[in-house]
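Input: a single structure, listed below in structure tokens.
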Amino acid sequence: MMSSEKLMVTTPTRHVVARAGGQAELSCQVTPPRSVESMEMRWLRHGHFRSVNLYRGSHGAHGEAAPEYVNRTEFVKDAIGKGRVVLRIHNISISDDGPYQCSFNEWFH
């Protein structure tokens, strides 16, 4: 990606409703659509210091995830070539309530 290129990150819905014990899916899309497979994608929860999920260019980085999300998140990348990614959170509890955000950054390995 050239440094002058501007990408916009959007989410298709503002609110996601999930049942306790169930799962929730949070998605992000970059516009204009482009492959983000080689980028770092970080999911954050408002007010929390550590990431909910971190993906770096074709692999996860679970060691950097907040302990309460370890083994409960899944990064779905079926449409990563078109700039769309999904974070699936399993075994939802009331403590998971709150705003989440995703960010995309160039990752040089």
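Once fully extended, how much extra length lies between residue 20 and residue 103, figured as 0.36 nm per residue of separation less the alpha-carbon to alpha-carbon distance?
Using 0.36 nm per residue and subtracting the Cα-Cα distance, I get 27.2 nm.
Considering only Cα atoms, the convex hull volume of the chain works out to 106 Å³ per residue. Between residue 6 and residue 37, the FRET efficiency estimated from the beta carbon spacing at R0 = 22 angstrom works out to 0.70. Among 72-78, 97-103, 19-25, the peptide with the highest mean count of other Cβ atoms within 10 Å heads the list, and the full ranking is 72-78, 97-103, 19-25.
Projecting label points 7 angstrom from Cα along Cα→Cβ for residue 77 and residue 91 puts them 2.5 nm apart.
Read-outs: derived from the displayed coordinates by stated rules, not from any lab. Predicted, not measured: the structure shown is a model, and the values here were computed from it. Here the Cβ is made from the backbone with ideal geometry for all residues, glycine too, and neighbour counts use every protein chain on show.
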